[in-house]
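A short worksheet on the structure shown next.
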Amino acid sequence: MTTTSLRLRAGLVSIVLLAAFLGIWHLATRSAGPTTAMSPEYAKLMGLTATQGKSAMPGPLDVGAKLWEHLRRPFYDNGPNDKGLGIQLGYSIARVGMGYLLAVLVAIPLGFLIGMSPLLSKALDPFIQVLKPISPLAWMPLALYTIKDSSISAIFVIFICSIWPMLLNTVFGVASVRKEWINVARTLEVGTLRRAFTVILPAAAPTILTGMRISIGIAWLVIVAAEMLVGGTGIGYFVWNEWNNLSITNVIIAILLIGVVGMLLDQILARFTRMVTFPE
Amino acid sequence: MTDKFISIEGISKRYPGASGATTTVFENLWLSMARGEFCCVIGHSGCGKTTVLNILAGLDAPSEGVVIVDGQAISGTSLDRAVIFQSHALLPWRTVLGNVAYAVSSKWRKWDRAKVKAHAQTFIDLVGLTGSEHKRPSELSGGMKQRVGIARALSITPKMMLMDEPFSALDALTRGTLQDEVRRICLETGQTAFMITHDVDEAIYLADKIFLMTNGPGAVLAEVVENPLPRDRGRTDLHRHPLYYALRNHIIDFLVTRSKTFVAETPDHDPRSVPVIHIGKPGLTIASSGDEPRQAWIPGTNPGLSA
Ligand SMILES: Nc1ncnc2c1ncn2[C@@H]1O[C@H](COP(=O)(O)OP(=O)(O)O)[C@@H](O)[C@H]1O
Ligand SMILES: [Mg+2]
């Protein structure tokens with residue numbers, strides 16, 4: 001079997017699975033449950049669930065219609081509690097981007113130093129071992145107390161959660177550059193700085209990029225939780241706000257978009273990783 | 001031999017072993033090479049051949065002793081001593097041209113791009129890789145990769161070449177072609193070469209002198225065998241030379257039996273004057289006396305007559 005036919009068949013199976021999922025979802029949410037007689041006022045309070053036996057869970061058609069509505073107006077702004085999904089995602093991506101970029105700027109040079117120096121590597125290891133397993137959200141109160149700005153606190157949380165995989169992968173990548181490549185540079189009397197940029201960096205790049213890819217995934221996981229805590233703007237806040245509005249449709253749409261954006265971020269990093277990976 | 005271009009003087013290498021003991025890979029090793037000479041080292045795995053080469057390259061430091069190159073004790077690596085690595089050690093993110101140019105621009109840091117490229121190209125042409133300049137190492141066969149390694153080493157116009165089993169990973173045909181080329185290039189450019197090999201025929205074809213090392217740990221340089229074959233030897237009719245089998249048998253006997261027993265059987269072995277073995281009739285070579293190494297004579301035998 002050729003790879004194209006395998007791909008084609010896999011694609012077909014994916015479509016069938018999606019259709020089956022949507023179909024089951026549709027059937028499951030459409031079916032009317034038993035309705036009980038009740039006073040009209042109470043019925044009004046309870047909504048369609050109680051009066052017409054309609055499921056509280058929106059069906060795929062409801063979600064689709066709502067999604068279309070959002071996609072047509074992604075950037076509207078009707079005040080603090082009613083902003084377009086594009087704006088909310090934009091806030092989240094900007095926070096992740098800033099925290100992540102700061103982490104890159106710290107983790108990669110620091111990882112380089114640690115990886116190239118066995119002394120620093122040993123000296124800093126206990127700190128890294130203790131700091132690494134701390135849930136990024138545990139930093140939140142401390143960040144809010146010291147920084148006193150919820151938005152910057154969220155960025156700090158992203159920074160602190162994305163720094164570890166990058167740092168550890170950079171250290172590992174730098175420390176495990178093939179000895180022969182280092183020896184090539186040594187026999188050519190290449191200086192330390194030039195060696196770092198012409199041999200160690202390209203050799204460690206795939207490992208570093210893998211760390212960056214893990215980090216962006218974690219950062220995107222954490223931003224939703226962080227925004228639920230700090231509130232105001234962002235896709236995490238949107239999810240929480242729509243839950244308070246009891247708009248399950250919007251929650252589902254947000255979940256879907258969080259997944260899509262996360263996938264895109266991952267794909268971008270995966271592409272960069274491929275760009276710096278050269279088979280031997 | 002008065003011209004000692006390279007002189008290894010009493011080097012030893014020890015590693016801290018288990019429970020405080022030290023492992024001595026070799027000790028009090030002396031050897032010298034003349035300018036333009038091609039020397040091969042033969043010995044079993046683990047006897048310290050790579051260690052000697054790394055010390056010569058400056059990649060490793062001896063526990064004791066010094067290495068003198070061109071009248072100067074070495075400390076660390078030098079662009080004068082190029083290394084051809086066993087596993088070619090090409091940088092996979094650079095093209096063929098990029099790999100050679102990296103060496104060129106490391107030696108001549110002020111050269112502009114065009115000059116570096118032109119110089120690198122000369123050496124790529126020299127090893128017969130014209131047309132593959134823009135390929136990455138992963139697109140090359142084993143033989144081509146090793147050619148790039150050779151071009152990279154030669155491109156910095158070193159005073160000597162150090163090769164650690166450069167062809168051992170190649171098929172016989174490619175190995176033969178590359179041996180021809182290395183021999184041609186070394187003769188043309190007057191390179192001094194130090195090569196580790198496992199292949200007796202490779203040593204006979206390439207070397208002027210063959211160093212035989214006993215088994216490690218505690219390896220010693222047992223003998224220096226002078227190659228009796230003429231300098232303009234051809235790879236294909238090597239075996240027709242009257243002294244070829246005598247030479248080959250001598251080396252193989254050493255590898256098979258004497259490399260194990262040499263140290264025990266030769267208690268008076270003086271590492272400072274290792275016997276120089278001349279294969280052939282004693283009368284054909286003028287023996288010298290004084291502080292020159294002891295001479296030994298192995299009669300040339302006719303392979304048709306010997307068992
Ligand atoms: N870093 C090291 N620590 C301890 N022993 C080593 C180290 N490097 C090499 N050796 C030992 O030195 C000996 C010689 O190694 P090597 O020079 O590679 O031998 P060869 O190239 O002749 O096969 C081997 O027995 C090896 O175990
Ligand atoms: Mg070796």
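Would you kindly derive the ³J(HN,Hα) couplings of the stretch B:160-177 from the backbone phi angles with the Karplus curve 6.51 cos²θ - 1.76 cosθ + 1.60 (θ = phi - 60°), listing them in order in whole Hz, with x for Gly and Pro? Those phi angles translate into 8, 10, 10, 10, 9, 6, x, 10, 5, 8, 9, 6, 4, 5, 4, 4, x, 4 Hz. Two numbers describe the Cα atoms of the stretch B:90-157: Rg and Dmax, which are 10.7, 33 Å. Rolling a 1.4 angstrom probe over the protein heavy atoms with all chains in place gives the stretch A:75-232 an accessible area of 47 Å² per residue. Placing a pseudo-label 7 Å from each Cα along the Cα-to-Cβ vector at B:SER45 and B:ARG14 gives an inter-label distance of 2.8 nm.
If you find the alpha carbon centre of the stretch B:49-115 and of the stretch A:165-239, how far apart are they in angstrom? Taking the Cα centre of each part, the stretch B:49-115 and the stretch A:165-239 sit 30 Å apart. Counting only other chain Cβ atoms within 10 Å of each residue's Cβ, the peptide B:91-98 averages 4. As a size descriptor, the averaged projected area of the C-alpha convex hull of the stretch B:164-287 was calculated at 8.9 nm².
Pairing chains A and B buries close to 2000 square angstrom of accessible surface in total, based on protein heavy atoms and a 1.4 angstrom probe. Compare each residue of the stretch B:40-83 in its chain alone against the assembly with all protein chains, and report those whose accessible area goes down by 30 Å² or more; 1.4 Å probe, heavy atoms. Relative to the lone chain, where solvent access is computed with a 1.4 Å probe, the stretch B:40-83 loses at least 30 Å² at B:LEU59, B:THR77, B:LEU79. Each Cα pair of chain A feeds into the Kirkwood radius, which the Stokes-Einstein equation turns, at 10 °C and 1.306 mPa s, into a diffusion coefficient of 71 µm²/s. Near B:THR23, the amide H atoms lying under 5 Å from its own belong to B:TYR15, B:GLY17; only residues 5 or more places off or on other chains count, and H is placed 1.01 Å from N.
Determine, from the Cβ-Cβ distance of B:ARG235 and A:HIS26 and an R0 of 56 Å, the FRET efficiency 1/(1 + (r/R0)^6), rounded to the nearest 0.05.
Numbers: r = 79 Å, r/R0 = 1.40.
The formula returns an efficiency of 0.10 here.
Residue separation of A:ALA94 and A:ILE152 scaled by 0.36 nm, minus their Cα-Cα distance, works out to 19.7 nm of gained length.
Specify the angular offset, from 0 to 90 degrees and rounded to the nearest 10, of the alpha carbon long axis of helix B:142-155 from the longest principal axis of the alpha carbons in chain B. Tilt of helix B:142-155: around 90 degrees. Helices in the protein assembly as shown, meaning DSSP H runs of at least 4 residues, each add -39500 (n - 2.57). Divided by all residues, the mean residue ellipticity at 222 nm is -17000 deg cm²/dmol. Diagonalising the gyration tensor over the Cα atoms of the protein assembly as shown and scaling each eigenvalue by 5 before taking the square root yields semi-axes of 72, 26, 22 Å, largest first. Under 5 Å from the amide H of B:SER63 lie the amide H atoms of B:SER12, B:LYS13, B:ARG14, each residue being 5 or more positions distant or on a separate chain, with H modelled from the backbone and absent for Pro and chain starts. The stretch between B:LYS135 and B:ASP3 holds 43.3 nm of extra length on full extension. This uses 0.36 nm per residue minus the Cα-Cα distance.
Here the stretch A:184-278 has 71 percent of its accessible surface on carbon and sulfur atoms, given a 1.4 Å probe and all protein chains in place. Whole-Hz Karplus values for the stretch B:111-118 come out as 5, 7, 3, 5, 5, 4, 5, 4 Hz, taken residue by residue from phi with 6.51 cos²θ - 1.76 cosθ + 1.60 and θ = phi - 60°; glycine and proline positions read x. The orientation-averaged projected area of the convex hull spanned by the Cα atoms of the stretch A:122-280 comes to 12.0 nm². For the stretch B:83-234, the Cα gyration tensor yields ellipsoid semi-axes of 29, 16, 15 Å (square root of five times each eigenvalue, largest first, whole Å). Amide H contacts for B:VAL83 (H built 1.01 Å from N in the peptide plane; partners 5 or more residues away or on another chain; cut-off under 5 Å): B:LEU162.
Solvent-accessible area of the stretch B:90-157 (1.4 angstrom probe, protein heavy atoms only): carbon and sulfur portion equals 53 percent.
Over all pairs of different C-alpha atoms in chain B, the reciprocal of the mean inverse distance, the Kirkwood hydrodynamic radius, equals 20.5 Å.
Under the simplified labelling scheme, the A:ASP266-A:LEU71 pair shows an inter-label distance of 2.1 nm, with each label point 7 Å from Cα along Cα→Cβ.
The values are calculated or read from the model by the stated rules, or taken from the named source; none is laboratory data. Source: prediction; values computed, not measured. All Cβ positions, even for glycine, are placed from backbone atoms using ideal geometry, and neighbour counts span all protein chains on display. We work out accessible area using only protein heavy atoms, side chains counted, and drop any ligands, DNA or RNA first. Shrake-Rupley method; radii C 1.70, N 1.55, O 1.52, S 1.80 Å.
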